[in-house]
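**Student:** Below is one structure. I have some questions about it.
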Amino acid sequence: MRHRIDRKKLNLKSSHRTALLRNQVIHFIENGFLQSTKPTVKEVQRMTEKLVTLARQGTDFNVRRRVKQLLPYKESAVVRLLKEIAPRYKNRPGGYTRTISMGRRISDIAPMLRLVWVESAETEGEAKR
């Protein structure tokens with residue numbers, strides 16, 4: 001039984017898993033997309049959704065401190081999340097990211113996904129004009 005087990009181990013030690021997920025989230029925030037295997041993308045998606053929900057509260061000291069605690073490696077990613085990404089989703093109740101299936105990897109037939117940001121209502125309204 002898998003009661004109270006809520007995360008994938010990704011076949012890594014906990015410290016390596018934490019570092020991998022943090023680096024993948026930073027890459028996703030900086031570049032706007034992430035392409036990797038399905039389990040990795042799903043875990044990165046969970047972490048990113050939680051970070052955006054936290055960052056939507058504003059740019060005060062405590063929010064910045066909590067985001068920096070989860071992403072300690074790059075200050076530029078924290079700034080971009082708080083100043084550019086979170087305000088786009090201020091009125092959205094959740095679901096900030098979307099996964100797109102990319103088929104299977106040729107070498108080991110692992111399912112590949114691409115993680116992208118969902119266009120916000122403000123962005124969609126500007127694009128239609």
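**Student:** Add +1 for every Lys or Arg and -1 for every Asp or Glu among the other residues with Cβ under 15 Å from the Cβ of E30, and state the total. Working shown, then result.
**Tutor:** Values: positive: R22, K74, R80, K83; negative: E75, E84.
Summing Lys and Arg as +1 and Asp and Glu as -1 gives +2.
**Student:** What is the helix-to-structure angle for 14-31, meaning the angle in degrees between its Cα long axis and the longest Cα principal axis of the chain, kept from 0 to 90 and rounded to the nearest 10?
**Tutor:** Roughly 50 degrees, rounded to the nearest 10.
**Student:** How far apart, in nm, are the 7 Å Cα→Cβ label points at R114 and T18?
**Tutor:** So the label points at R114 and T18 sit 3.3 nm apart.
**Student:** Would you mind calculating the relative contact order of region 14-128 from Cα pairs under 8 angstrom and at least 6 residues apart, reporting the percent as a whole number?
**Tutor:** Numbers: 131 pairs, mean separation 34.9, N = 115.
Dividing the mean separation by the residue count of region 14-128 yields 30 percent.
**Student:** Another question, then. Where nothing but the Cβ of Lys and Arg (+1) and of Asp and Glu (-1) is charged, how large is the charge dipole of the chain around its Cα centre, in debye to the nearest 20? Before the final figure, lay out each step's value.
**Tutor:** Working: 29 positive and 12 negative charges, 112 e Å.
Value, rounded to 20: 540 debye.
**Student:** With axes computed from alpha carbons, what is the tilt in degrees of helix 61-70 against the longest principal axis of the chain, rounded to the nearest 10 within 0 to 90?
**Tutor:** 20
**Student:** Shape verdict for the chain, please, from the Cα gyration tensor: rounded (a/c under 1.5), prolate (a/b greater than b/c) or oblate.
**Tutor:** Working: a/c = 1.89, a/b = 1.27, b/c = 1.49.
Here the chain falls in the oblate category.
**Student:** Angle, helix 38-55 long axis vs. longest principal axis of the chain, Cα atoms, 0 to 90°, nearest 10?
**Tutor:** 20
**Student:** To continue, here is another question. Using helices alone, what [θ] at 222 nm do you get for the chain, with -39,500 (n - 2.57) per DSSP H run of 4 or more residues, divided over all residues and rounded to the nearest 500?
**Tutor:** Calculated from helices alone, the mean residue ellipticity at 222 nm is -14500 deg cm²/dmol.
**Student:** On to the next question. Fully extended, how many nm does the chain gain between R105 and R4 (0.36 nm per residue separation, minus their Cα-Cα distance)?
**Tutor:** Working: separation 101, 0.36 × 101 = 36.36 nm, distance 3.15 nm.
Once the chain is fully extended between R105 and R4, it gains 33.2 nm.
**Student:** What is the gain in length, in nm to one decimal, between E30 and R80 on full extension, counting 0.36 nm per residue of separation less the C-alpha to C-alpha distance?
**Tutor:** Length difference between fully extended and current span is 17.2 nm.
Here, each number is a calculation from the coordinates, and none is a lab measurement. In this text the structure is predicted, and so the values were computed from the model without any measurement. Cβ sites come from the backbone with ideal geometry, for glycine too, and all protein chains shown count toward neighbours.
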